[in-house]
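Everything below concerns the one structure shown next.
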Amino acid sequence: MPKSLDIKKKLSARSERVKSCDIHPTESWALAALYSGKVFLWDYETEALAKSFEVSELPVRCAKFIVRKGWFVCASDDMKLRVFNYSTSEKVKEWEAHTDYIRTVEVHPTLPYVLSSSDDMSVKLWDWEKGFQNTQEFVGHAHYVMAVKLNPKDTNTFATASLDRTIKVWGLSSPTPHYSLEGHERGVNCVDYYPSGDKPYLLSGADDKTVKIWDYQTKTVVQSLDGHTHNVCSVMFHPKLPLIISASEDGTVRIWQSSTYRQESTLNYGMERAWALAATKESNKIAIGYDEGCVVVEFGNDDPIASMDGTGKVVFAKNNDIQTGTVKGVATDESADGEKLQIAVRDLGSTEIYPTSLSHNCNGRFIAVCGDGEFIIYTSQALRNKAFGSALDFVWSGRNTGDYAIRESISRIKIFSNFKEHKIVKPATASAEQLYGGHLLGVKGSDDAVLFYDWEGEFVRKIDVSPNAVYWSDSGEMCLIATDDAAYVLQHDIAGTAQALAMGKGDAEEGVDGSFELLFEINEKVTSGKWVGDCFLFTNSQGRLNYSVAGQIQTLVHLETSSGGATVHSILGYLAKEDRVYLVDKSMNITSFKIMLAMLQYQTAVVRGDFDAANELLPMIPETEYLVVARFLESQGFKEEALAVTTDDDHKFDLALELGQLELGLELMGNIPADESETTESQAKWKRLSDLALSQSKFDLAESAALACKDFSGLLLLYSSTANKAGLAKLAELANEGKKYNIAFLAYFLLGKVEDCISLLSSTNRLPEAAFFARTYHPSKVEDILSLWKTELSKTSTSAADALSTPQLNPDMFPDFEVALKVEQMFMSNRNMDVPAGKYLEAKGDLEMDLIALVKASGNGNGNGNGNGATQQVVEDVVPEPKVEEAAPVSPAVDEEKLAAEKLAAEKLAAEKLAAEKLAAEKLAAEKLAAEKLAAEKKAEEDRIAAEKKAEEDRIAAEKAAAEAAALEKKLAEEKEDEELADEFADDW
């Protein structure tokens with residue numbers, strides 16, 4: 001196994017025995033067939049059970065995805081095959097397929113075929129386009145057929161493994177085998193084909209505890225792998241990595257190099273026997289089925305191994321095969337962003353090592369492949385070998401064609417100049433764990449720090465941060481260090497560093513002071529990146545393509561992510577001539593997005609404050625992008641410049657108001673089409689314009705804007721503050737028409753139009769409020785309003801309506817009513833008198849004047865007189881501030897008969913109330929008793945149904961237990977008979 005591929009556990013799910021497993025090629029799903037008769041669908045990203053399927057009461061021995069149909073097919077010990085839709089959980093098909101246990105199924109990669117193998121010693125072919133009709137049967141084995149596997153290089157042939165100790169190779173069109181491979185000493189349990197086309201190899205595992213590699217052309221054993229201490233249950237050539245993996249009943253999963261056959265690792269998760277393995281060519285993950293559950297592990301990472309030079313030529317690795325293509329000219333102006341590019345690919349050849357990294361040098365003439373502890377440098381056009389050697393890591397210099405460095409060990413770095421060894425560096429750290437190339441050579445230390453050296457081997461600086469990657473700009477002046485949770489952008493002082501090193505001023509432990517300066521921090525996890533000038537393009541861990549200019553993050557697009565929300569794209573490079581950034585996903589699909597270089601340069605100039613350069617670049621940007629430019633200027637605080645650039649009227653309006661340019665805002669509002677003037681958006685704009693005008697004391701503009709958006713509350717504030725009686729009158733009518741009755745009422749009240757207030761309250765059926773308002777401000781209307789109120793109230797309660805008093809029927813209930821009528825006349829005669837604001841100090845005493853007391857003090861002491869000349873004199877004296885010194889107290893006589901009548905009425909009312917409460921209590925008690933009786937009857941019925949249901953369940957359970965005991969007895973008898981008939985092949989399957 002490549003040394004740099006670490007093994008990470010993605011899922012560990014406990015369950016019953018897992019006899020088979022499979023991995024979905026695009027979703028983060030693992031399928032597990034359980035001995036309990038269930039099939040589980042696990043999400044290994046979230047480590048949660050996504051779905052569970054109740055398949056059978058007997059063990060399910062195999063389950064495989066049929067991805068192109070959205071199905072999975074499974075086989076159980078009731079000799080049936082079943083097909084389920086894993087999205088809807090619907091059962092698609094169920095049929096009896098064999099006459100004995102079904103061991104495995106295999107899905108054809110292109111044709112609508114499923115192969116199944118069974119203990120009835122046959123293999124059957126099923127066609128789902130013909131309703132899963134059995135179209136071919138293959139017979140030839142002398143014992144159980146344990147496994148079947150299609151040849152990925154020739155899908156018309158397949159191999160089978162049997163307990164008769166043979167492996168047979170078949171064709172889909174013939175019911176008899178082409179040939180047999182013999183060599184195992186005991187029954188063969190599993191078989192697999194080599195996935196690539198360069199080796200005609202088969203892999204098998206058997207009860208003799210060995211794994212064998214076969215050349216099926218010469219029909220010989222190439223290699224036998226020993227190490228397991230019990231039966232080998234499952235084997236595979238990993239479809240993506242150069243690995244052989246085997247699972248055994250000894251509880252271990254062993255990993256071997258597919259080229260050297262050296263055992264690299266052993267996995268043991270303490271979950272008893274290992275039964276099954278599964279993998280896909282799309283990822284580095286494998287699933288393992290155990291006695292006690294399912295495990296998914298990942299080897300290293302599945303990031304694409306690809307590199308792009310400055311001209312758009314892409315080189316990428318698929319296993320040991322190196323391929324190339326070009327993205328130059330593939331994406332046109334009509335191409336949609338994010339669209340998969342159709343690139344013409346050609347093979348360059350194969351590399352002798354399995355690549356874990358691949359990179360171009362600075363001018364694109366050479367590529368370096370590193371893996372398996374070695375590196376090889378090839379020419380990028382013809383894959384001719386230029387240099388090679390042992391290395392744990394390889395990085396290119398950012399300056400010269402043939403300059404590079406390798407990490408030979410954890411304590412030794414070699415620097416090469418023009419492909420020749422130049423300098424050996426022993427970094428000042430306990431362990432050098434990784435190298436980073438570019439303008440300087442970076443070494444990641446075990447002490448969570450990165451050490452920078454120049455390409456002459458001189459120590460430049462130690463920075464206390466643990467990096468995942470280091471990105472350099474082409475000029476070498478900008479450097480980004482990406483960590484697990486953030487990224488740091490540094491400015492490198494090239495001239496100052498060179499001068500300090502020449503003068504020997506570097507510190508042995510910390511390096512050259514001032515060689516780097518922290519500019520800003522990006523609080524996101526950078527997964528890949530590329531400098532374009534002083535602008536940094538990057539993808540983050542949430543699947544967004546962003547760029548950063550002086551710490552300002554702009555999101556270009558939200559990319560597709562995995563089911564767990566992680567990014568699946570990496571940045572390949574940027575072509576300035578095409579204004580496009582190119583990305584590659586984990587399946588080697590290349591996409592592009594339009595990002596204009598002029599835009600990036602313009603934004604960089606703005607951030608630097610160089611508006612002369614920015615103005616020179618602006619004409620190079622299409623006007624269609626001016627809104628983007630304006631929003632960037634606004635984010636930088638340059639709102640006036642943004643207003644001059646923006647082409648969007650909505651944005652221009654927002655900026656005009658923020659800058660206080662009311663006239664421009666009004667002009668823009670005048671450009672709104674008539675059919676859009678009543679929209680919510682237009683109304684909101686008028687409201688904002690009105691508020692701004694009001695804040696600047698431009699009352700005419702504020703009034704016209706408020707009228708345009710029907711801002712009645714704003715108009716009320718404006719008119720009442722400026723004593724605009726005509727405006728208030730107009731507002732009252734508008735508010736009334738617009739059903740804004742609160743505003744209309746206040747406007748009428750401020751104008752003194754109390755009759756209009758009463759009319760408004762009455763028309764809106766607010767008769768109680770109208771009555772009390774009339775009693776206070778317009779008593780002559782009380783009788784009319786009370787009459788309306790009584791009529792309306794009688795519709796719901798006659799007694800309540802009768803209880804209402806009126807001045808005519810009950811004058812004693814309205815004390816001082818005649819006085820109130822006199823005061824009303826005083827109010828009506830003076831309500832149109834305007835008092836200037838300058839007279840406030842003189843007139844403010846009138847606000848607290850008690851007119852009722854004044855009228856009563858005029859000599860009409862009983863309050864029920866008809867008035868005389870003295871009263872009129874009071875009316876005339878109210879306007880100037882009257883001076884009342886002392887008023888004789890009024891002591892009206894007490895009417896004994898009236899009090900007795902009132903007391904009798906109160907007692908009668910109390911008695912009626914008490915009777916009503918008693919009647920209501922009796923009714924409530926009766927209802928409660930009826931409800932309790934109904935609840936008791938309902939509970940009795942529920943108890944009866946539950947008892948019947950339990951009796952039925954007990955009966956079914958007893959019948960099921962009897963059936964299971966009979967089935968077990970039958971099965972034991974059959975197994976005993978099989979053992980007697982086939983002593984030679986006895987085993988514990």
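The values are calculated or read from the model by the stated rules, or taken from the named source; none is laboratory data. Quick caveat, the model's predicted, so the values are computed rather than measured. So basically every Cβ, Gly included, is an ideal-geometry build from the backbone, and we count neighbours across all protein chains shown. Ligands, DNA and RNA are excluded from the accessible area calculation, which covers all protein heavy atoms including side chains. Shrake-Rupley method; radii C 1.70, N 1.55, O 1.52, S 1.80 Å.
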Helical mean residue ellipticity (222 nm; -39500 (n - 2.57) per DSSP H run of 4+; nearest 500) of the chain: -9000 deg cm²/dmol
Paramagnetic reach from Leu556 (point 7 Å along Cα→Cβ, amide N under 20 Å) across segment 299-326: 304-315, 326
Acute angle (nearest 10 degrees) that the helix 699-708 long axis makes with the longest principal axis of the chain, alpha-carbon atoms: 70
Compactness relative to 2.2 N^0.38 Å, alpha carbon Rg of segment 57-164: 1.00
About the Cα centre, charge dipole magnitude for the chain (Lys/Arg +1, Asp/Glu -1 at Cβ), debye: 2040
Accessible surface of the chain [probe 1.4 Å, protein heavy atoms]: carbon and sulfur percent: 50
Segment 403-476: translational diffusion in µm²/s, Stokes-Einstein, Kirkwood Rh over Cα pairs, 20 °C, 1.002 mPa s: 175
Largest to smallest principal axis extent of the C-alpha atoms in segment 682-772, angstrom: 42, 26, 16
Backbone HN-Hα couplings from phi across segment 252-263 [Karplus 6.51/-1.76/1.60, Hz, Gly and Pro as x]: 10, 10, 9, 10, 10, 5, 7, 9, 9, 6, 7, 6
Amide proton proximity set for Val92, modelled H, under 5 Å, gap of 5+: Val83, Phe84, Asn85
Calculated FRET efficiency for the pair Lys281/Thr401, C-beta based, R₀ 30 Å, to 0.05: 0.25
Relative contact order, percent, segment 466-522 [alpha-carbon distance under 8 Å, six or more residues apart]: 31
Added length on full extension, which subtracts the Cα-Cα distance from 0.36 nm per residue, Ser682 to Arg631: 16.2 nm
Dipole of segment 115-187, positive direction: furthest Cα of Leu181, His143, Gly131, with charges on the beta-carbon: Leu181
Nearest 10 degrees, 0 to 90: helix 782-793 Cα axis against the chain principal axis: 40
Label-to-label distance, nm, for residues given as Asp484 and Glu658 (7 Å Cα→Cβ offset): 3.9
Residue (of Asn523, Ser87, Ala837) at the positive-pole extreme of the chain, dipole from beta-carbon charges: Ser87
Cα long-axis angle, helix 741-751 against the chain (0 to 90 degrees, to the nearest 10): 30
Full-stretch length increase - Ala674, Asp610 - with 0.36 nm per residue and alpha-carbon distance subtracted: 18.8 nm
Average accessible surface area per residue within segment 70-198, 1.4 Å rolling probe, Å²: 37
Residues of type lysines that Lys285 reaches as a straight line, Cα spacing below 19 Å, ignoring anything fewer than 8 places off in the same chain: Lys3, Lys8, Lys9, Lys10, Lys19, Lys64, Lys240, Lys318, Lys586
Segment 771-844-segment 665-686 distance, computed between alpha-carbon centres (Å): 45
FRET efficiency for Glu421 and Ser475, using Cβ-Cβ distance with R0 set to 25 Å, rounded to 0.05: 0.30
For segment 826-835, 3J(HN,Hα) per residue [Karplus equation, 6.51 cos²θ - 1.76 cosθ + 1.60, θ = phi - 60°, Hz, x = Gly/Pro]: 4, 5, 5, 6, 10, 5, 8, 6, 8, 10
For Asn189, distant residues with modelled amide H under 5 Å away: Gly205, Ala206, Asp207
Interchain or long-range residues, amide H under 5 Å from Tyr290's placed H: Val18, Trp275, Val295
DSSP-loop GluC sites (Glu not before Pro) across segment 553-655, with at most 13 other Cβ within 10 angstrom: Glu560
Whole-angstrom gap from segment 220-245 to segment 111-145, using each part's C-alpha centre: 26
Gyration tensor (alpha-carbon) shape descriptor, the chain, a/c threshold 1.5: oblate
Cross-link partners of Lys933 among lysines (Cα-Cα below 25 Å; sequence separation of 8 or more within a chain): Lys918, Lys923, Lys949
In order through segment 187-198: 3J(HN,Hα) via Karplus (6.51 cos²θ - 1.76 cosθ + 1.60), integer Hz, x for Gly, Pro: x, 9, 9, 7, 8, 7, 9, 5, x, 8, x, 8
For segment 549-595 versus segment 508-542, the gap between their alpha-carbon centres in whole angstrom: 18
Paramagnetic label zone (point 7 Å from Cα along Cα-to-C-beta, His178; backbone N under 16 Å) in segment 201-215: 201-203, 214-215
Net +/- balance of residues flanking Glu129 in space, Cβ distance below 13 Å, scoring K and R +1, D and E -1: +3
Selected from Leu597, Leu664, Thr166, residue furthest toward positive end of dipole (the chain; charges at beta carbon): Thr166
Potential lengthening between Lys8 and Ser794 on full extension [0.36 nm per residue; Cα-Cα distance subtracted]: 274.8 nm
Separation in nanometres of the label points that stand 7 Å from Cα toward Cβ, at Asn832 and Ser704: 3.2
Neighbour cut-off at most 13 other Cβ (10 Å), DSSP loop, GluC sites (Glu not before Pro), segment 426-479: Glu456
Selection of GluC sites (Glu not before Pro), segment 669-758, meeting DSSP coil and at most 12 other Cβ within 10 Å: Glu678
